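Inspection log for the structure reproduced underneath, given as structure tokens.
The values are calculated or read from the model by the stated rules, or taken from the named source; none is laboratory data. Note that this is a predicted model, so its numbers are computed, not measured. Quick reminder, even Gly has a Cβ in these numbers, built from the backbone with ideal geometry, and neighbours come from all protein chains shown.
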């Protein structure tokens, strides 16, 4: 005796699939937020009411209050700085761009000496970094050590 077959259509439940998709999305969003590349040393930057965020693929040059220099977080002397920038220009085929993070207590003479070194190395794009003034951006308190990508517009 032959029994009638019952044909059941397979169902694809969408809710578990959507849960997985959203979990993967959240994972990638958090991963991207934690991947910010921080190449500058920790400094207390001067404030500027006209500071604007900039996106510039550049080397980071940090100058502490006592005049110590760090190129992408590595300590360098004046001669090593010029050599490294000239070598970067030769390797890339164009002069490097440099973001200068100078401590707010750095004297002008030291800053200008470093700018002269950058000029000597052939750097044509320089962005002086500054922290936004109090009240311009939430989450930054006066006196907090920070170094955001805010350029003072020097090029």
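Of note:
- Qualifying residue in segment 134-151 (condition: part of a loop (DSSP other than H, G, I, E, B), at pLDDT 70 or above, in contact with a strand residue (DSSP E or B) (Cβ under 8 Å, 6 or more places away or on another chain) and within 21 Å of residue 75 (Cα to Cα)): no
- For segment 96-110, the set of residues classified as more than 11 Å from residue 69 (Cβ to Cβ) and part of a helix (DSSP H, G or I) consists of 108, 109, listed by residue number.
- Flag if residue 88 is modelled with pLDDT under 80, surrounded by 15 or more Cβ atoms within 10 Å (Cβ to Cβ) and within 21 Å of the chain's Cα centre (by Cα): no
- Residues being in contact (Cβ under 8 Å) with a residue 24 or more places away in the chain and either over 21 Å from the mean Cα position of the chain (by Cα) or in a helix (DSSP H, G or I) (or both) - total across segment 114-133: 6
- Among the residues of segment 25-43, just one is buried (at least 16 other Cβ atoms within 10 Å of the Cβ) and either over 13 Å from the mean Cα position of the chain (by Cα) or at pLDDT 75 or above (or both), namely 43.
- Test: residue in segment 100-107 that is in contact with a helix residue (DSSP H, G or I) (Cβ under 8 Å, 6 or more places away or on another chain), surrounded by fewer than 16 Cβ atoms within 10 Å (Cβ to Cβ) and at pLDDT 80 or above: no
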